[in-house]
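Scroll down for the structure; my scribbles are underneath it.
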C-alpha cells in the first residue's frame, strides 16, 4: 500500500517541510556520499544513534560489522547529539526517497496546522520519542539507528487526529497488478500502524537485530497522536469550533 496524493489543500507554502527535505537530502549527498560504501558506513557509525551507547550498556570499542572489511566501534559516553543527527541520515536511496515522499505528502498539512516554530519542535520531539521507544525495546543494541521515519511517523499520527476523513489516493497490490484506491486517512494509517506492530512483535519473536525500527515508528506515531493538539494553532482550533458548534 503506497499513498501518492491526498485531497487536503494547504493554506501556506510549507517552507519547513521543504527545508527538512532539502537538509536531509544534502546530508545524504555530502555527509553520506550518496550511498558510497565508506562514506555511508562512517556517517552511520559516527552520527547514528546506538542504543547501547545511549544507555551505557555496551562497552566502548564494541564492534558492529558494516560491510566487507568495515566495522563500527562504539564510543565512550552517551553521544546525546546523535539522537538528533540520526534523524537526518539514511541507509539507502530507497530509504531516503520513501521517507521524504511521506514527509512531503503528510508534513505540508501538519505544518499548515501549526506555527512554523511549533512544527519544528513537534518534528524533533516526535523523532526523539521514536528514538527512545526503539532504545527501550532493545537497550543493549550496538546497531546504529538512522532515518527520519520516527519523526515522520509522528507527523502521520498527527494527520490521523486532525484529518481522519480526508481521502488519500493509494496504490494497492491486487494480485500481480496495482490498483489506485481513494481511502479515508484513518483506514490507511491504522493499517500502517498494524503493520508496524506486527513487525515489532515478529522482530521480538525471531530475536532479530537490525533492519526496520518498528518500535521507533510506533513510538513516533503515538507521540504525534498525543502531542498534536498541544501544538495546533489556536486560531485553527477556534475556526474548527465555530464551524461545528451551534448555539441552542
Matching strands (runs of 3 or more DSSP E) fully within region 1-120 where at least 1 residues are under 18 Å from residue 148 (Cα atoms): 2-6
Residue tally, condition closer than 18 Å to residue 102 by Cα and in a loop (DSSP other than H, G, I, E, B), over region 121-156: 3
Of residues in region 163-190 being part of a helix (DSSP H, G or I) and closer than 17 Å to residue 5 by Cα, the one modelled with the lowest pLDDT: 188
Tally, over region 200-245, of residues that are assigned to a helix (DSSP H, G or I) and either closer than 18 Å to residue 148 by Cβ or modelled with pLDDT of 80 or more (or both): 18
Where a residue in region 113-129 is crowded, with 19+ Cβ neighbours inside 10 Å and its partner, wherever it lies, is modelled with pLDDT under 95 and part of a loop (DSSP other than H, G, I, E, B), with Cβ under 6 Å and at least six apart: 114/233
Residue identified as touching a helix residue (DSSP H, G or I) at 6+ places or on another chain (Cβ under 9 Å), within 19 Å of residue 162 (Cα to Cα) and at pLDDT 95 or above among 17, 10, 25: 17
Only one of 193, 155, 172 that is in contact (Cβ under 8 Å) with a residue 40 or more places away in the chain and either surrounded by fewer than 24 Cβ atoms within 10 Å (Cβ to Cβ) or more than 21 Å from the chain's Cα centre (by Cα) (or both): 172
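The values are calculated or read from the model by the stated rules, or taken from the named source; none is laboratory data. Bear in mind that the values here come from a model prediction, so they are computed numbers and not experimental data. For neighbour counting, all protein chains shown are included, and Cβ atoms are generated from backbone atoms with ideal geometry for every residue, glycine included.
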